[in-house]
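Asker: Got a structure here, written out as structure tokens. Questions coming.
Derivation of every value follows stated rules applied to the coordinates shown; laboratory data play no part. Computed from a predicted structure; not experimentally measured. Cβ placement follows ideal geometry from the backbone for every residue including glycine, while neighbour counts extend to all protein chains displayed.
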Amino acid sequence: MKKVLALVLVAMMALGMVAVASAEGVKTYKVGVSIYQFTDNFMTLYRNEIESYFKSLETDSVKYEITMADGKNDMAEQTNQVQNFITQGMDVIILNLVQTSSADVLIDMIVDAGIPLVLINREPLAYDAEGKTIDEAYEGILNNPQVCYVGADARQSGTFQGEMVAELDNHGDINGDGKISYIMIEGDPENIDAQYRTEFSVKALTDAGYEVACLDDQVGNWDQTKGQELCANALTKYGFDVEVVFCNNDAMALGAATAITTAGRTVGEDIYLLGVDALEEAVQLVKDGEMTGTVLNDHIGQSHTAVDVAVKLLNGEAIDNYYWVDYVKVNKAYVDAQ
Ligand code: BGC
């Protein structure tokens, strides 16, 4: 009888030990990620890298359970997702806002739930309903040690676009009339990246002393099909007067490239085309001379920074409120040198 009891005890201990090993030996962190829209080309690269980088950081004792949600460019949808993340007890949330002007609502919800927050890609600069900037608002970014923003300063990307035009032999003035006539195809106007790129691409030219003329400025909402349509319309309307096509991102520039070819125009000869992101297809077009330049929007650097800072927050380490990743100018000389 004693023997049997001893055996049972040993068996129980063994079982107990196994349970302890799994309960105490492995820590699984729950990470909620909400992306403003899965169909966005650039954010697809970004979110895939978030997942694979988290996986690469896993060890025998630390695991990350990632829930990736599609905001479908719908603020109500994203608000629901954040509510679910809170109910599910996420240990950290990474948030790519659908609507930056409502950032305070979501930040407050997450902060009140005591969950650390990493905002990415869409910088909440807009004013809240009471007219305060997000940093002045209750629990904004700067006022909170558990909240930060990881992004790239879009002024730099716009400046690089303008500089690539200024650096051309004719400085973008193909017809020699003393001014650079351009069309602008903008991303989502609420997005600070779109606002800054629109402003700073042109500012780089005027700061360098060149005269500019805006023939057309339209919103393409970051979308390739829309970019193609807007560029085609402008080419029909303004023909060879269009010397430079500025697109706030590469998706729209890829669309514009198609419109340019369809209109029988030739990049580098009778028109110039600029984008931002350095998507693989765009870099190929730069290499082939079918795009004048793009700007590397470093999704690897940004996603890794976002994950690294999320891990710091999970470990209870102190963080900065802002993390900036540099853009890189990508013209033919740069691509050929790679
Ligand atoms: C990228 C765009 C993208 C947008 C999404 C920007 O930084 O350049 O391609 O659509 O972020 O917010």
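Asker: Given the pairs Lys287/Lys329; Lys203/Lys226; Lys30/Lys55; Lys72/Lys226; Lys72/Lys203; Lys179/Lys226, which are separated by over 22 angstrom at their Cα positions?
Answerer: Lys203/Lys226; Lys72/Lys203; Lys179/Lys226
Asker: Using only the Cα atoms of the chain, what are the Rg and Dmax in Å?
Answerer: That works out to 24.7, 106 Å for Rg and Dmax.
Asker: Would you compute, from DSSP H runs of 4+ residues alone, the mean residue ellipticity of the chain at 222 nm, taking -39500 (n - 2.57) per run and dividing by the full residue count, rounded to the nearest 500?
Answerer: -14000 deg cm²/dmol
Asker: Give me the percent of DSSP beta bridges within the chain that run antiparallel, rounded to the nearest 5.
Answerer: Among the beta bridges of the chain, antiparallel pairing accounts for roughly 10 percent.
Asker: I need the calculated FRET efficiency for the pair Lys55 and Asn170, taking r as the beta carbon distance and R₀ as 56 Å, to the nearest 0.05.
Answerer: Efficiency, rounded to the nearest 0.05: 0.70.
Asker: Given the Cα-Cα distance of Asp207 and Ala113 and 0.36 nm per residue of separation, how much length would full extension add, in nm? Intermediate values should be presented prior to the final figure.
Answerer: Numbers: separation 94, 0.36 × 94 = 33.84 nm, distance 4.69 nm.
Extending this stretch completely gives an extra 29.1 nm.
Asker: While we're looking at this one, here's another question. Name the long-range amide H neighbours of Lys27: under 5 Å, sequence gap of 5 or more, or other chain; modelled H, no Pro or chain starts.
Answerer: Here the answer is Val62, Lys63, since their amide H atoms fall under 5 Å of that of Lys27.
Asker: Could you check which residue among Ser52, Ser102, Ser61 shows the biggest mean-square fluctuation in a GNM of the chain with a 10 Å Cα cutoff?
Answerer: Largest GNM mean-square fluctuation: Ser61.
Asker: Calculate, axis by axis, the spread of Cα positions in segment 45-190 along the three principal axes, and write the results as whole Å, longest axis first.
Answerer: Taking the Cα atoms of segment 45-190, the three principal extents are 63, 45, 28 Å.
Asker: With charges set only on the Cβ (+1 for Lys and Arg, -1 for Asp and Glu), what does the dipole of segment 154-296 come to about its Cα centre, in debye to the nearest 20?
Answerer: The dipole of segment 154-296 has a size of about 80 debye.
Asker: Mind giving me the nanometre distance, one decimal, between the label points for Gln284 and Asp241, set 7 Å out from Cα along Cα→Cβ?
Answerer: It is 3.5 nm.
Asker: How large, in Å, is segment 154-296 by the Kirkwood hydrodynamic radius built from its alpha-carbon pairs?
Answerer: Values: mean 1/r = 0.0703 Å⁻¹.
The answer is 14.2 Å.
Asker: Within segment 231-253, which residues have the backbone N less than 19 Å from the label spot 7 Å out from Asp270 along Cα→beta-carbon, could you tell me?
Answerer: Within reach of a label on Asp270, which here means backbone N under 19 Å from a point 7 Å along Cα→Cβ, segment 231-253 contributes 231-246.
Asker: Average the reciprocal distances over every distinct pair of alpha-carbons in segment 249-338, invert the result, and give the Kirkwood radius in Å.
Answerer: 14.7 Å
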